[in-house]
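Notes follow the structure.
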Amino acid sequence: MNNNPKGLIIVSGASSGIGRAMSMSLLTEGYSVLGIAKEFSQKRIKHEKFDFIEIDYSDLDKLPSELERVINLVDQPIRGLVNNAGIGKMAFLEQLSVKDMRLVMETNFLSHAIVTKVFLPILKRQQQLVDIVFTGSEAALEGAKQGSIYCASKFAVRGFVQAIREECAKTRVRVSIVNPGAVRTPFFDDLHFEPGGASENAIEAEDVAEVLLTIFNARPGTVIDEINLSPQTHVWQRK
């Protein structure tokens with residue numbers, strides 16, 4: 001990747017939805033972006049400052065070695081790490097398989113913990129401002145019916161962020177979390193429900209991307225710990 005004075009931002013889940021919108025906004029702001037996703041076959045971002053690598057975050061055994069591929073691609077300072085990839089499996093607890101439970105916890109929480117563990121020493125050594133941003137959820141704030149394991153994964157992320165923020169307090173690394181409510185993205189494609197059709201029933205992915213830029217643009221020395229976003233009116237509908 002070509003060296004960019006504004007720096008490089010690594011974004012997971014960058015092939016669609018929130019991650020894709022974040023990547024587009026960061027590119028517009030002049031950053032270089034290295035996108036990570038399980039696959040990039042659809043609507044791949046075409047931009048001179050965008051590169052990508054395909055990694056399956058649910059395969060924790062292979063993840064550390066796969067991250068070595070990312071490290072080998074990076075030839076410039078890392079300005080940010082955006083831990084955004086995630087999945088949803090919604091059902092009453094007794095309807096979820098153990099396999100589904102593990103998949104959600106490992107993809108939504110443990111994978112991001114591993115990614116952060118691998119990159120944190122590198123980010124601290126840079127001795128320059130770095131933002132680590134996690135995409136949380138309104139599910140990290142309050143449990144909801146048919147969301148027990150998904151909520152648990154997002155609660156775990158939020159607790160992890162709070163702890164890591166304290167561990168990084170004396171460094172140049174800032175740690176933040178964004179908790180959106182329902183976002184109108186392909187996240188709901190495989191679920192049995194979705195937000196209502198009115199514009200006020202869901203957040204747009206670009207809304208979350210705009211908040212991400214606010215975090216990156218904050219004055220050095222100021223940490224935006226947590227931002228919660230909600231649709232103006234919560235309406236859900238079955239498909």
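Just so you know, all these numbers are worked out from the coordinates, no wet-lab data involved. None of these values were measured; they are calculated from a predicted model. Quick reminder, even Gly has a Cβ in these numbers, built from the backbone with ideal geometry, and neighbours come from all protein chains shown.
Looking only at residues of the range 209-229 that are surrounded by 14 or more Cβ atoms within 10 Å (Cβ to Cβ) and of a type in the set (Gly, Ala, Ser), we find that the one that is farthest from residue 31 (Cα to Cα) is 218. Taken over the range 184-221, the criterion of being more than 20 Å from residue 136 (Cβ to Cβ) and of a type in the set (Ser, Thr, Tyr) is satisfied by 199 alone.
For the range 108-131, enumerate the residues that are of a type in the set (S, T, N, Q) and either assigned to a helix (DSSP H, G or I) or under 14 Å from residue 83 (Cα atoms) (or both). Those that are of a type in the set (S, T, N, Q) and either assigned to a helix (DSSP H, G or I) or under 14 Å from residue 83 (Cα atoms) (or both): 108, 111, 116.
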